[in-house]
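The values are calculated or read from the model by the stated rules, or taken from the named source; none is laboratory data. Everything quoted here is computed from the prediction, not taken from an experiment. Positions of Cβ are backbone-derived with ideal geometry, glycine not excepted, and every protein chain shown enters the neighbour counts. Note: accessible area is taken over every heavy atom of the protein model, side chains too, but ligands, DNA and RNA are not part of it. Shrake-Rupley method; radii C 1.70, N 1.55, O 1.52, S 1.80 Å.
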Amino acid sequence: MSTVRVLVVDDHPVVRGGLVGWLAAQPDLEVVGEAGDGLEALALVAEHAPDVVLMDLRMPRMDGVAATERIGVAHPSVRVLVLTTYDTDADIVRAVEAGATGYLLKDTPLPQLADAVRAAARGETVLAPPVAARLVSRMRAPAVDAPTARELQVLSGVARGLTNAEIGRELFIGEATVKTHLLRVFAKLGVDDRTRAVMVAVERGLLPGPGAGR
């Protein structure tokens, strides 16, 4: 088997160092670089052309999802294998939609991690068992209704930076009702915060993007 070239991306130096040490000790794996955030990762991918990027999700400056998307566009032959502590539905779906080849959790035993890197280099999809179970459950779940017109009005107010109270006054509804609409939108979009709700709504064409209509 030819040597698999790996780039390790994690914002925790101790974690990153442990991963680099283990992977570099494998005879068929070569660590070509390490990065502490998504921006560093993009630069190193361009410089070293790794076969696999082992990518953390939540990092400063640029997170793993954004970096994965940009790597997929600029370097489509590079495989991205997510390695994170987070296994929420929103995180998993975002990573998969961004083009990640696999999604592993940081409690994965190191020998399995090395095997996963090899599999990713071959273009195989690698999922931690809990992640695979979540994806299967999500696929089998009944389709979720789209946000209502009123819910999108509330979310539009969020996108414009309004508080719940300000949205309520604008739409002539109570602040508690605003919160209820937001919770329903979060559930329908598969997110857990206001910022992500707006981003997903824009991505799906439910809300106009920044600068639209100017």
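Among the numbered criteria (1) at pLDDT 95 or above; (2) in contact with a helix residue (DSSP H, G or I) (Cβ under 9 Å, 6 or more places away or on another chain), which single criterion is violated by LEU57?
Exception for LEU57: condition (1).
Please specify each residue of segment 203-212 satisfying the condition of being open to solvent by 90 Å² or more (accessible area, probe 1.4 Å) and not acidic (Asp, Glu). Don't jump to the end; show me each part of the working.
Start the filter on segment 203-212 by keeping residues that are open to solvent by 90 Å² or more (accessible area, probe 1.4 Å), which leaves 203-204, 208, 210.
Passing the criteria: ARG204, PRO208, PRO210.
Of VAL93, VAL65, VAL117, VAL20, which residue is in contact with a Lys or Arg (Cβ under 6 Å, 6 or more places away or on another chain) and either among the small types (Gly, Ala, Ser) or in contact (Cβ under 8 Å) with a residue 12 or more places away in the chain (or both)?
On the way: VAL93 fails: in contact with a Lys or Arg (Cβ under 6 Å, 6 or more places away or on another chain); VAL117 fails: in contact with a Lys or Arg (Cβ under 6 Å, 6 or more places away or on another chain); VAL20 fails: in contact with a Lys or Arg (Cβ under 6 Å, 6 or more places away or on another chain).
Of the residues listed, the single one that is in contact with a Lys or Arg (Cβ under 6 Å, 6 or more places away or on another chain) and either among the small types (Gly, Ala, Ser) or in contact (Cβ under 8 Å) with a residue 12 or more places away in the chain (or both) is VAL65.
Tell me whether segment 136-145 contains one or more residues that are of a type in the set (Val, Ile, Thr) and over 21 Å from LYS188 (Cα atoms). Quick ask: steps written out before the conclusion?
Pass one, segment 136-145, residues of a type in the set (Val, Ile, Thr): 136, 144.
So of that shortlist, the ones also over 21 Å from LYS188 (Cα atoms) come out as none.
Checked segment 136-145: no residue is of a type in the set (Val, Ile, Thr) and over 21 Å from LYS188 (Cα atoms).
Residues in segment 159-174: is at least one under 19 Å from ALA90 (Cβ atoms), open to solvent by 30 Å² or more (accessible area, probe 1.4 Å) and part of a helix (DSSP H, G or I)?
yes
Among the residues of segment 175-202, which ones are closer than 30 Å to ASP87 by Cβ and loosely packed, with under 13 Cβ neighbours inside 10 Å?
Within segment 175-202, LEU183, ASP193, THR195 qualify.
Consider segment 1-54. How many of its residues are under 17 Å from ALA121 (Cβ atoms), assigned to a strand (DSSP E or B) and open to solvent by 30 Å² or more (accessible area, probe 1.4 Å)?
Residues meeting the conditions: 3.
May I ask you to say which residue of ALA24, ALA41 is over 22 Å from GLN112 (Cα atoms) and of a type outside the set (Ser, Thr, Tyr)? Step through it out loud before you land on a result.
Working: ALA24 fails: over 22 Å from GLN112 (Cα atoms).
So the residue among ALA24, ALA41 that is over 22 Å from GLN112 (Cα atoms) and of a type outside the set (Ser, Thr, Tyr) is ALA41.
Could you please let me know if LEU19 is within 26 Å of ASP193 (Cβ to Cβ) and modelled with pLDDT of 95 or more?
No, not satisfied.
Report whether or not VAL131 is at pLDDT below 90, part of a helix (DSSP H, G or I) and open to solvent by less than 40 Å² (accessible area, probe 1.4 Å).
yes
Residue-wise test of (1) assigned to a helix (DSSP H, G or I); (2) open to solvent by 10 Å² or more (accessible area, probe 1.4 Å); (3) under 17 Å from ASP10 (Cα atoms).
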| position | (1), (2), (3) |
| --- | --- |
| GLY72 | yes, yes, no |
| SER77 | no, yes, no |
| LEU81 | no, no, yes |
| TYR86 | no, yes, yes |
| VAL96 | yes, yes, no |
| ASP107 | no, yes, yes |
| ASP115 | yes, yes, no |
